[in-house]
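Everything on this sheet refers to the single structure shown next.
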Amino acid sequence: MHVEIATFDKEFDETPFLKSLPDDLSPSPIWGYVLKGRFRVIYKDNREEVFNAGDVFYAEPMHSVIVEAGAECVTFSPEEEVMKTAAATERYLAAMQQKR
């Protein structure tokens, strides 16, 4: 499992980073706990879940996340799926560097 403690100083929308994945969505399920703030999980069918400070959550595969500024959370995800998302993020960032 991949464990992450994340703090977001600014609003963060992961959607553009997922462009090279199937349906432009993260394949990784996420279990976690929101320490501060809130974030939204948006699914392929446009369903949306909102998680606030104090919430324990599960986000099913095939989603994108928008996190509000000031949010903090602890997440747990399968390592293999996280690596797929990380590879997509690296491709996106490399493409952005080439455009400069």
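Is it true that some residue in segment 76-84 is among the hydrophobic types (A, V, I, L, M, F, W, C) and in contact with a helix residue (DSSP H, G or I) (Cβ under 6 Å, 6 or more places away or on another chain)?
Applying the first criterion (among the hydrophobic types (A, V, I, L, M, F, W, C)) to segment 76-84 yields 76, 82-83.
Narrowing the set further to residues that are in contact with a helix residue (DSSP H, G or I) (Cβ under 6 Å, 6 or more places away or on another chain) leaves none.
No, segment 76-84 has no match at all.
Checking VAL50 against (1) over 16 Å from GLU4 (Cβ atoms); (2) surrounded by 14 or more Cβ atoms within 10 Å (Cβ to Cβ); (3) of a type in the set (A, V, I, L, M), only one condition comes out false. Which one?
In the conditions (1) over 16 Å from GLU4 (Cβ atoms); (2) surrounded by 14 or more Cβ atoms within 10 Å (Cβ to Cβ); (3) of a type in the set (A, V, I, L, M), VAL50 misses (2) alone.
Within segment 57-93, count every residue that is hydroxyl-bearing (Ser, Thr, Tyr) and under 15 Å from TYR43 (Cα atoms). Quick ask: steps written out before the conclusion?
Step one: of segment 57-93, the residues hydroxyl-bearing (Ser, Thr, Tyr) are 58, 64, 75, 77, 85, 89, 92.
Retained after the next criterion (residues that are under 15 Å from TYR43 (Cα atoms)): 58, 64.
Residues meeting the conditions: 2.
Give me the strands (runs of 3 or more DSSP E) completely within segment 8-100, filtered to those with at least 3 residues that are touching a Leu at 6+ places or on another chain (Cβ under 6 Å) and modelled with pLDDT of 95 or more, ordered by residue number. Don't jump to the end; show me each part of the working.
On the way: elements: 30-36, 38-43, 48-52, 56-59, 63-67, 72-77.
Ranges flagged: none.
Go through segment 68-82 and give me each residue that's under 24 Å from GLU48 (Cα atoms) and touching a residue at least 60 places away in the same chain (Cβ under 8 Å). Spell out how you get there, then give the answer.
The initial filter retains those residues of segment 68-82 that are under 24 Å from GLU48 (Cα atoms), namely 68-78, 81-82.
Correct list: GLU68, ALA69, GLY70, ALA71, GLU72, CYS73, VAL74, THR75, PHE76, SER77, PRO78, VAL82.
Of all residues in segment 12-47, count the ones that are among the basic types (Lys, Arg), loosely packed, with under 15 Cβ neighbours inside 10 Å and free of Cβ contacts under 8 Å to residues at least 40 places away in the same chain. Quick ask: steps written out before the conclusion?
First pass over segment 12-47, keeping only residues among the basic types (Lys, Arg): 19, 36, 38, 40, 44, 47.
Keeping just the survivors that are loosely packed, with under 15 Cβ neighbours inside 10 Å gives 19, 36, 44, 47.
Add one more test, that the residue is free of Cβ contacts under 8 Å to residues at least 40 places away in the same chain, and what stays is 36, 44, 47.
Residues flagged as among the basic types (Lys, Arg), loosely packed, with under 15 Cβ neighbours inside 10 Å and free of Cβ contacts under 8 Å to residues at least 40 places away in the same chain within segment 12-47 amount to 3.
The values are calculated or read from the model by the stated rules, or taken from the named source; none is laboratory data. A quick note: this is a predicted structure, and the numbers were derived from the prediction, not measured. Neighbour counts run over all protein chains shown; Cβ positions are idealised from the backbone, glycine included.
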